[in-house]
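In what follows, a structure is listed as C-alpha cells, so that the remarks can point back to it.
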Amino acid sequence: MDQAELFEEKSQDVPKDCIEHFLSGSREISSDLSTLFELSVDAFYAALFARMSCLPIEGEISRFIKKVLAAENAVSNTSDARTAAAKIAFDRGDPDVLTVLNTSYKVQHETHRLVGLLRFSPDSAGVYIARCSPDFFILPALADHFTLRFGDIPWAIIDEKRGLCLKREKGLEPQITPASPEPGDDSKGFWEDLWRLYHKSINNEGRKNLELQRQLMPKRYWDYLTEKR
C-alpha cells in the first residue's frame, strides 16, 4: 500500500493503549515502550501518534519500534545508543520508518489544527463543551493543552465520529468516556451569537482570502465553527 492509499483507509477501532499513555503519566507502559522512551522521546511519540491514526499499520509500527530498540544492543554505552536510536528513527529511506513518521505528522498536524479551531460554549451547568469529527483519534493529545487553558473550569470535547468524549471535571484528571447526548440549553444560542458578533467586529472583509482560508481551515471542519453557521 502506497502513502496515498494509506491515508484513504478508514480508521479502525480506537487503540486503548493510546488513551492510557496520553492521559496519565502515572500509568504503567510496556517495557518495550518504556525503553523506547528512554532511548528516543521523538521515536516514542512518533509511534504513539501513529497508533492514534487507527490506520492499518500495526506491522510498520511494530517493526519501527524493534529497529529503534535494536540500537541499545548495537553499541556499548547509553549516549551512543541514543544517538544511534535517533538516527534509525528518522531514516526515511526505511519504508517502515517513513510510514510511521508520515502518519505521525498527519495526526500531530490535525491535533494542532483542532487546538485553534475548537469552539466551546458553556452549558447550563457551566461546563464548556466543544464538538468535532476529526479524521484521527486525537482526543488524548488535546488533554494537556485544554487542562492548562481552562484551569479549574470543567470542559468537554466530544468526538462525534467515534462517539467518545474527553472531559475534565474540577480537581480531576481528564478522562475519556462514551459521549452522552447533550441536553438542550437555551443559553447556547446566546453565547454563539456573542461569538459571531465578536468575529464580525474583528473581521476585515477587505483582506478576505478564501483560498488561503481553506488551506488553513479545511471545509470539513466548518460545520463545527460557530462563525460559519
Efficiency of FRET from Cβ geometry, Arg92 and His145, R₀ 35 Å, rounded to 0.05:
0.80
Between Ser34 and Ser133, the two model label points (7 Å from Cα along the beta-carbon direction) sit apart by a distance in nm of 4.2 nm
So how far apart, in nm, are the two label points at Arg220 and Ser124 if each is 7 Å from Cα heading toward Cβ?
3.6 nm
Computed for segment 88-157: size of charge dipole around the Cα centre, +1 on C-beta of each Lys and Arg, -1 on C-beta of each Asp and Glu, debye to nearest 20, value 280 debye
Past 19 Å, Cα to Cα: identify those pairs from Lys161/Lys208; Lys66/Lys106; Lys106/Lys219; Lys67/Lys106, in the order given.
Lys161/Lys208; Lys66/Lys106; Lys67/Lys106
Roughly speaking, what is the stretch gain from Lys170 to Val75, that is 0.36 nm per residue apart minus the C-alpha to C-alpha distance, in nm to one decimal?
29.4 nm
For segment 26-91 and segment 113-139, write down the distance between their C-alpha centroids in whole Å.
31 Å
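Just so you know, all these numbers are worked out from the coordinates, no wet-lab data involved. Note that the structure is a prediction, hence the values are computed from the model and not measured. Please note: Cβ atoms are built from the backbone with ideal geometry, for glycine as well, and neighbour counts cover all protein chains shown.
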